[in-house]
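J.: Take a look at the following structure, please.
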Amino acid sequence: LSWECWTPQIYAGNEIKPIAHVINDDDQKRELRNATLNFHIRSKGGREFSAGKISLPAISYFATWSKTVPLKIPADLPTGEYWLSGSIEVSGEIRSTNSTEVFIAGQDWKNFTSTNRSSRDYAAPSLENLEPTPVGCYDPAGATAAALGKLGIAFERVTDISALPAKINALVLGVNPGNKSKLELQRFVQNGGRVLCLISDSKSLEADWLPQKISFFTSSPNDVDYPPVSRPFREHMNVNLERPDHPVFRGLNRRQFSLWSDYSNWDQTQKGFPKVYPVTAGFKLNEPAALARTAILADYDRGLEGIALCEMFDGKGSVILSGFDLVNRAGLDPVADRLLANLVAYTESKTAHEIHPLIEKPIRWGDYPSERGVASGSLNGLLVNAEWIRSPANPRATPLSPNTGAWNMLPGEQFSPRGRHPFGAYSYSTASSLKPGDTNVLTGEGFFWARIPAGKKFVITTVKNPSQKSATLKVFLSEQRTPGSTQVVAPGRTVRVRTPLVNDGSAILIRYAGEKKLVLLETAFE
């Protein structure tokens, strides 16, 4: 038994239409006769809902049978993770079982789309006094406006960007603004306006008016070429939340950004593929310098190089650029709906628009949660160091060097991230192998931006030299042309480098330069 379900996230009270597939691969090559398919929705606590059963026809050995099994989700189910479960039973004997997870949003979930714009439901924990401003929506095509209306999000329709009412400080773009409006949008942002740009297709937006230069991706994971023609893909699943505590992700978690519910009613009798990718218009920043004025909020694909959501700052305002496929799912997928509602509320809010994350605890490089989103993709030049883990099943195994191994030849040899190298430019092949740039250059550098609490006087960097030659680490702060500190690290040694800083409460740029084999283990502020 297996389940085919293209609506893994659904509202309580709605109906899902999974397809049950049965293949008879009986060990004794028996025909399956007098069998019953039992199915139900089950909570993680074991309670069953929407139970039913179907009598199966006789199924010969290695023959198959499939059937759509409509299931009405009870309207009073509370929000949570559930299982769509089933079993095949013959004369009281269970021959096969299988389950797939379904996220069900209850009535409480819909409170996030209240038209009360001052509701704290929209706010992150730090936003105790959210002061919303009127939001406009420029959408001649009407799809985005219809989606906002379906979710109960209040807005004012805008027909001419060059004549925005003075009270409008936040604007939702549901369509390409056109050449005549680009300068108006730039002035609007520089004067303190916020623009939420919703794109589900890269062809629908001319990006030359944005504060930073970007490029859209062109290939798809559905393409048949192998290796792929190009990576990252323009559309994808398993999206990573760089800043999971950011207001736009309030009430959401990373698991909910794997696959979203299909809005095309696709099944295997049709051509093409179901519309289940959360991201359909992924893009990249063209230059590392753009990170000084850009907050990357969600990314995906090989090395997290594809951007799904970011905020670009310009003057007193910003542009929130989304490559998520949100509008098409309005009213269908509760996760997409909440993200859309959160995005609009965040665009309206006058507070919490921070470019760089606040670092209050030490960064343990390679430990992703502690990095707090300061390093994403390859733009920072900080390459993850992966070290071999001794298997308890083979305690006498010969250790492998860091960053080696082979997934197809040595699949049992496991590696774990520990630290990052000040590496500089690097990329990946379309098959995801590392392309280290100029291999004749032994030195490199990497950087990150961060906000640090007031009162901190030093940045403490823990660095390891795993090589057999001495190496030198230089630490530069912000616009320094000469290093704030220089430390020679002996072979095999780990040292702490103490660098004085001037902390005026603003964001700081920290740049590390040295031999590429150096491993940055930790950065802390004291």
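The values are calculated or read from the model by the stated rules, or taken from the named source; none is laboratory data. Source: prediction; values computed, not measured. Using ideal geometry, Cβ is built from the backbone for each residue, glycine included, and neighbour counts are taken over all protein chains shown. Protein only, heavy atoms only, side chains kept; ligands, DNA and RNA dropped before computing areas. Shrake-Rupley method; radii C 1.70, N 1.55, O 1.52, S 1.80 Å.
J.: For residues that are touching a strand residue (DSSP E or B) at 6+ places or on another chain (Cβ under 9 Å) and aliphatic (A, V, I, L, M), tally how many sit in region 401-446. Quick ask: steps written out before the conclusion?
T.: Initial filter on region 401-446 (touching a strand residue (DSSP E or B) at 6+ places or on another chain (Cβ under 9 Å)): 401-405, 413-429, 434-437, 442-446.
Still in the running and aliphatic (A, V, I, L, M): 425, 434, 442.
Total satisfying the criteria: 3.
J.: Ok, one more. What is the number of the single condition among (1) open to solvent by 40 Å² or more (accessible area, probe 1.4 Å); (2) over 24 Å from Phe448 (Cβ atoms); (3) of a type in the set (A, V, I, L, M, F, W, C) that Trp260 does not meet?
T.: It is condition (1) that Trp260 fails.
J.: Follow-up. Among the residues in region 47-70, are any under 30 Å from Asn328 (Cβ atoms) and in a loop (DSSP other than H, G, I, E, B)?
T.: For region 47-70, residues under 30 Å from Asn328 (Cβ atoms) and in a loop (DSSP other than H, G, I, E, B): present.
J.: Between residues in region 177-189 that are more than 13 Å from Tyr138 (Cα to Cα) and residues that are open to solvent by less than 50 Å² (accessible area, probe 1.4 Å) and polar (S, T, N, Q), which pairs lie under 7 Å by C-beta distance while being six or more apart or on different chains?
T.: Going by the 7 Å Cβ cut-off, the qualifying pairs are Val189/Ser318.
J.: Residues in region 206-227 that are surrounded by 12 or more Cβ atoms within 10 Å (Cβ to Cβ), over 27 Å from Ser349 (Cα atoms) and not hydroxyl-bearing (Ser, Thr, Tyr): how many?
T.: Looking only at that region, the number is 4.
J.: Also, I was wondering about something else. Conditions: (1) free of Cβ contacts under 8 Å to residues at least 24 places away in the same chain; (2) within 30 Å of Ala352 (Cβ to Cβ); (3) among the aliphatic types (A, V, I, L, M). Ile460 meets all but one. Number of the miss?
T.: Result: Ile460 fails condition (1) only.
J.: Shifting gears a bit: Where residues in region 278-292 are within 18 Å of Gly381 (Cβ to Cβ) and in contact with a strand residue (DSSP E or B) (Cβ under 7 Å, 6 or more places away or on another chain), which of them is most open to solvent (accessible area, probe 1.4 Å)? Give the derivation first.
T.: Step one: list which residues in region 278-292 are within 18 Å of Gly381 (Cβ to Cβ), which gives 284-292.
Filter once more, keeping what is in contact with a strand residue (DSSP E or B) (Cβ under 7 Å, 6 or more places away or on another chain): 284-286, 291-292.
Numbers: Lys284: 88, Leu285: 7, Asn286: 61, Leu291: 15, Ala292: 29 Å².
Per the stated criteria, the residue is Lys284.
J.: A follow-up question, please. Of all residues in region 331-352, count the ones that are farther than 24 Å from Pro278 by Cα and in contact with an Asp or Glu (Cβ under 8 Å, 6 or more places away or on another chain).
T.: 3
J.: Let me spell it out: the conditions are (1) open to solvent by 30 Å² or more (accessible area, probe 1.4 Å); (2) more than 27 Å from Ile355 (Cβ to Cβ); (3) part of a loop (DSSP other than H, G, I, E, B), and Lys203 meets all of them except one. Which number is the exception?
T.: (3)
J.: Can you name the residue in region 70-110 that is of a type in the set (Val, Ile, Thr) and in contact (Cβ under 8 Å) with a residue 12 or more places away in the chain and is also most open to solvent (accessible area, probe 1.4 Å) among such residues?
T.: Going residue by residue through region 70-110, those that are of a type in the set (Val, Ile, Thr) are 73, 79, 88, 90, 94, 97, 100, 102, 104.
Now narrow it down to the ones that are in contact (Cβ under 8 Å) with a residue 12 or more places away in the chain: 73, 79, 88, 90, 97, 100, 102, 104.
On the way: Ile73: 1, Thr79: 49, Ile88: 7, Val90: 15, Thr97: 92, Thr100: 42, Val102: 1, Ile104: 0 Å².
Checking each candidate, the answer is Thr97.
J.: Evaluate region 362-377: report whether one residue or more is over 24 Å from Lys284 (Cα atoms), in contact with a Phe, Trp or Tyr (Cβ under 9 Å, 6 or more places away or on another chain) and either open to solvent by 40 Å² or more (accessible area, probe 1.4 Å) or not in a loop (DSSP other than H, G, I, E, B) (or both).
T.: Checked against the condition, which is being over 24 Å from Lys284 (Cα atoms), in contact with a Phe, Trp or Tyr (Cβ under 9 Å, 6 or more places away or on another chain) and either open to solvent by 40 Å² or more (accessible area, probe 1.4 Å) or not in a loop (DSSP other than H, G, I, E, B) (or both), region 362-377 yields at least one hit.
J.: Another one. More than 18 Å from Ile363 (Cβ to Cβ), within 25 Å of the chain's Cα centre (by Cα) and open to solvent by 60 Å² or more (accessible area, probe 1.4 Å): which single residue out of Lys474, Lys435 fits that description? Break it down stepwise before answering.
T.: Numbers: Lys474 fails: within 25 Å of the chain's Cα centre (by Cα).
Criteria check complete, one pass: Lys435.
J.: Tell me the residue from Gly444, Gly419 that is touching a His at 6+ places or on another chain (Cβ under 9 Å) and closer than 27 Å to Lys469 by Cβ, please.
T.: Gly444
J.: Return the only residue of Leu520, Leu509, Leu501, Leu434 being at pLDDT below 95 and closer than 22 Å to Ser370 by Cβ.
T.: Going through Leu520, Leu509, Leu501, Leu434 in turn, the sole match is Leu501.
J.: Restricting attention to region 301-322, which residues are under 28 Å from Asn222 (Cα atoms) and surrounded by fewer than 22 Cβ atoms within 10 Å (Cβ to Cβ)?
T.: Arg302, Gly303, Leu304, Glu305
J.: Go through Gly419, Gly437, Gly455, Gly444 for me and flag whichever is touching a Lys or Arg at 6+ places or on another chain (Cβ under 9 Å) and at positive phi. Give the derivation first.
T.: Working: Gly437 fails: touching a Lys or Arg at 6+ places or on another chain (Cβ under 9 Å); Gly455 fails: touching a Lys or Arg at 6+ places or on another chain (Cβ under 9 Å); Gly444 fails: at positive phi.
Only one candidate passes the filter, namely Gly419.
J.: Moving to a separate point now. When residues of region 455-481 are filtered for being part of a loop (DSSP other than H, G, I, E, B) and either modelled with pLDDT of 95 or more or touching a helix residue (DSSP H, G or I) at 6+ places or on another chain (Cβ under 8 Å) (or both), how many remain? Lay out the reasoning, then the answer.
T.: Here is the first cut: in region 455-481, the residues part of a loop (DSSP other than H, G, I, E, B) are 455-457, 465-470, 478-481.
Filter once more, so that each one left must be either modelled with pLDDT of 95 or more or touching a helix residue (DSSP H, G or I) at 6+ places or on another chain (Cβ under 8 Å) (or both): 465-470.
So the answer is 6.
J.: Take the residues in region 161-196 that are open to solvent by 40 Å² or more (accessible area, probe 1.4 Å) and of a type in the set (Lys, Arg), then tell me which one is modelled with the highest pLDDT.
T.: Arg187
J.: Mind listing whichever residues of region 14-40 are open to solvent by less than 20 Å² (accessible area, probe 1.4 Å) and either small (Gly, Ala, Ser) or part of a loop (DSSP other than H, G, I, E, B) (or both)?
T.: Pro18, Ala20, Asn24, Ala35 - these are the residues of region 14-40 that are open to solvent by less than 20 Å² (accessible area, probe 1.4 Å) and either small (Gly, Ala, Ser) or part of a loop (DSSP other than H, G, I, E, B) (or both).
J.: In region 378-411, which residues are among the aromatic types (Phe, Trp, Tyr) and either open to solvent by less than 60 Å² (accessible area, probe 1.4 Å) or modelled with pLDDT of 95 or more (or both)?
T.: Trp388
J.: Shifting gears a bit: So which of Lys67, Lys44 is surrounded by fewer than 16 Cβ atoms within 10 Å (Cβ to Cβ) and either within 28 Å of the chain's Cα centre (by Cα) or among the aromatic types (Phe, Trp, Tyr) (or both)? First the steps, then the outcome.
T.: On the way: Lys67 fails: either within 28 Å of the chain's Cα centre (by Cα) or among the aromatic types (Phe, Trp, Tyr) (or both).
Just one listed residue meets the conditions, Lys44.
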